[in-house]
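Peer 1: Okay, here's the structure, questions in a sec.
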Amino acid sequence: MKIKTIQNKVKVKPNLSDYKKTYQKFNWKDYHSELEFFKNNKINAAYNAVTRHAISNNKNKTALICTNGEKEKKFTFSDLEKQSNRFANLLTKQGIKKGDRVFIFLPRIPELYFCFLGILKTGAIAGTMFQAFGHDALLDRLKNSGAKFLITDSELVKRIYGIKKDLPKLKKIIIVNKRKVKRGEISYPKEISKTSSEYKIKEMKLTDPAFMLYTSGTTGKPKGVIHSHQAILQQHLTAKWILDLKENDIYWCTADPGWVTGISYGILGNLSNGVTSLVYNGKFSPKNWYKLIKKYNVTVWYTAPTAIRMLMKAGTTIVTKSNLKSLRHLCSVGEPLNPEAIKWGLKAFKLPFHDNWWQTETGAICVANYPGMKIKSGSMGKPFPGIKAAVLNSKGKAVIGKEGNLVLKPGWPSMMKEIWRNQKKYKTYFKRGWYFSGDKAYQDKEGYFWFIGRADDIIKTRGERVGPFEVESALVEHPGIVEAGVIGKPDPMLGEAIKAFVVLAKGYKPGKDFYEEIKNFVKKRLAGHAYPKEVEIRKNLPKTRSGKIMRRVLKAQELGLDTGDLSTLEND
Ligand code: ATP
Ligand code: MG
């Protein structure tokens, strides 16, 4: 496919002004001064996210604007500090100790943020779960983690009653919205009013765990990833240099804290930079989203390809009508960002979306497009300073311009500490002195990284290897297609045949030659062997709660096989 380069002009000087120079001389230790440490090199991520701002000139600055689209509540850094202290006191009184797992199962309401930070202050490990999770997903996580406390509300708790008998380690449930609760439950409003708003925060070792999170489940059963307090160093610095957060920004990360993006850049990295963050607890619709950007004058917006594709479906007229003048910087993560989406962003917002790559396991962004740096449409960008990334061929040799395994040199601050109680799985990530991401990529001569696909999703057809991303990107260039998922299915002649599942644009009526037209459309854009042999129209594609296309589900459905773990499947 022809590569488009975008010059990526910026109106305001980026926080990272010289990527190349910074990368060359970078040392993490030199940036410890960005954070605050206790004596003996101890740290607490919550102290850095909130406390230090609450005792500075930022104390009366708005830290969070929480809205459901109608009502809003604002909290200053000082409010956040006091509320999380109160919760830390509540937990301590109830016997929670360092290392205990405390899980949160809540919508994006203020208590989610108070509780998350409060848990970190006590030295316990915070876990988060999407509010849409059903029994199986909840049971898996609460059981595997051995969670001792669960924080939820009077509606969501009903999903816990049916599984509670299988959770002997779950000692208490805290209900955030009721004064009257059942036996064995704690009323948050009742108990919190009895607590002090002062708390002596626990001083943690750099590698002590702070939070745990299960991966998105795109490729199989989710893994319980543990992150340490020191991860905040990378979350802070990437938020500063990649999201380019500045003092007066109104920043909106659209991710739910049930997904790692909603923690690293919806709580920790953003608060640590002392900016005002918007939290939206409401339904997605282009109209609702644009209304929020307009109302709150959002300047920096961090979202995901799946959302961008849905906005694309709604067109550019609604963007123009919304008159969004405040936006300054746009970023995207979670899935490959199709060049078509960048093109659309430029047309709609007059700004490019900056793609960046990372994983639950990496804890923070590792490869990115930086503000001010030339964007090659479809590329994930370049490694963050302090991160050594490479593409290794099957012999373990670093290669340029060729497909291979995307690997990182272990030792970056936000690297996962462990896979919970599964050392064997943890070890599988590390080979030959590298961390293997499980993604296939290539690096070009200028050092840009390009995503090809997840190792499991690569298609071998006519003796060639094809990444689903390039086929999907070509498909969504077609005006009638808004979303595409591509798989390989066994074929006696081809090895594997490419099959595409497509979602049509609203109002688009496919002609009788639609399938032929699509094949030719892709053929023109990609190498001859990479066009789909079959195309199927779907109303929607199976996706995870974090919005990723689940190709393994498409494949299992196509081949009549077991669809495997579906606990993270989005089904409404
Ligand atoms: P699981 O590990 O349970 O199968 P998952 O890998 O989707 O789920 P996450 O940790 O949320 O769980 O996602 C990380 C993965 O998302 C990456 O390995 C990569 O495949 C994909 N990804 C993230 N950002 C990008 C990006 N900018 N471009 C391409 N792929 C991306
Ligand atoms: Mg993964």
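The values are calculated or read from the model by the stated rules, or taken from the named source; none is laboratory data. Bear in mind the structure is a predicted one, so any value in this text is a computation, not a measurement. Neighbour counts run over all protein chains shown; Cβ positions are idealised from the backbone, glycine included.
Peer 1: I'm trying to understand the selection: among the residues of the range 539-565, which are surrounded by fewer than 16 Cβ atoms within 10 Å (Cβ to Cβ), in a loop (DSSP other than H, G, I, E, B) and more than 11 Å from ligand 1 (Cβ to nearest atom)?
Peer 2: Scanning the range 539-565 gives K539, N540, G560, L561, D562, T563.
Peer 1: Which residues, counting only those in the range 300-325, are more than 22 Å from the chain's Cα centre (by Cα), buried (at least 17 other Cβ atoms within 10 Å of the Cβ) and of a type in the set (V, I, T)?
Peer 2: V319
Peer 1: Of everything in the range 185-230, what is outside any loop (DSSP other than H, G, I, E, B) and among the small types (G, A, S)? Give them in sequence order.
Peer 2: S187, A210, G224, S228
Peer 1: Right, next: Among the strands (runs of 3 or more DSSP E) contained in the range 374-449, which hold 2 or more residues that are within 13 Å of ligand 1 (Cβ to nearest atom) and surrounded by 14 or more Cβ atoms within 10 Å (Cβ to Cβ)?
Peer 2: Because the criterion is at least 2 residues that are within 13 Å of ligand 1 (Cβ to nearest atom) and surrounded by 14 or more Cβ atoms within 10 Å (Cβ to Cβ), the strands (runs of 3 or more DSSP E) in the range 374-449 that meet it are 379-383, 404-408, 434-443.
Peer 1: Do we have V486 as within 15 Å of ligand 1 (Cβ to nearest atom), more than 23 Å from I365 (Cβ to Cβ), modelled with pLDDT of 95 or more and among the aliphatic types (A, V, I, L, M) here?
Peer 2: Yes.
Peer 1: State all residues of the range 472-493 that are in contact with a Leu (Cβ under 7 Å, 6 or more places away or on another chain) and not in a strand (DSSP E or B); if no residue qualifies, say none.
Peer 2: Of everything in the range 472-493, those that are in contact with a Leu (Cβ under 7 Å, 6 or more places away or on another chain) and not in a strand (DSSP E or B) turn out to be A474, G480.
Peer 1: Follow-up. Condition test on P371, is it in contact with a Ser or Thr (Cβ under 8 Å, 6 or more places away or on another chain), assigned to a loop (DSSP other than H, G, I, E, B) and touching a residue at least 24 places away in the same chain (Cβ under 8 Å)?
Peer 2: In short, no.
Peer 1: Can you name the residue in the range 261-279 that is in contact (Cβ under 8 Å) with a residue 40 or more places away in the chain and touching a Pro at 6+ places or on another chain (Cβ under 9 Å) and is also nearest to E72 (Cα to Cα) among such residues?
Peer 2: V279
Peer 1: While we're here: Residue by residue through the range 214-234, note down the ones that are of a type outside the set (G, A, S) and within 15 Å of ligand 1 (Cβ to nearest atom).
Peer 2: Once the filter is applied, which keeps residues that are of a type outside the set (G, A, S) and within 15 Å of ligand 1 (Cβ to nearest atom), the range 214-234 yields Y214, T215, T218, T219, K221, P222, K223, V225, I226, H227.
Peer 1: Within the set of pairs 6+ apart or on separate chains, which have a first residue in the range 280-298 that is over 17 Å from I109 (Cβ atoms), a second that is among the hydroxyl-bearing types (S, T, Y) and surrounded by fewer than 19 Cβ atoms within 10 Å (Cβ to Cβ), and C-beta atoms under 7 Å apart?
Peer 2: Y290/S322; I293/S326; K294/S322; N297/S326; V298/S326
Peer 1: Residue by residue through the range 369-388, note down the ones that are within 13 Å of A441 (Cβ to Cβ), out of contact with any helix residue (DSSP H, G or I) (no Cβ under 8 Å at 6 or more places or on another chain) and more than 16 Å from ligand 2 (Cβ to nearest atom).
Peer 2: S379, G381
Peer 1: Out of all the residues in the range 323-368, which are within 16 Å of ligand 2 (Cβ to nearest atom) and assigned to a loop (DSSP other than H, G, I, E, B)?
Peer 2: Across the range 323-368, the qualifying residues are V333, G334, E335, P336, W358, Q359, G363, A364, I365, C366.
Peer 1: If you don't mind, there's one more thing I want to ask. Within the range 135-149, how many residues turn out to be under 22 Å from the mean Cα position of the chain (by Cα) and at positive phi?
Peer 2: Result for the range 135-149: 0.
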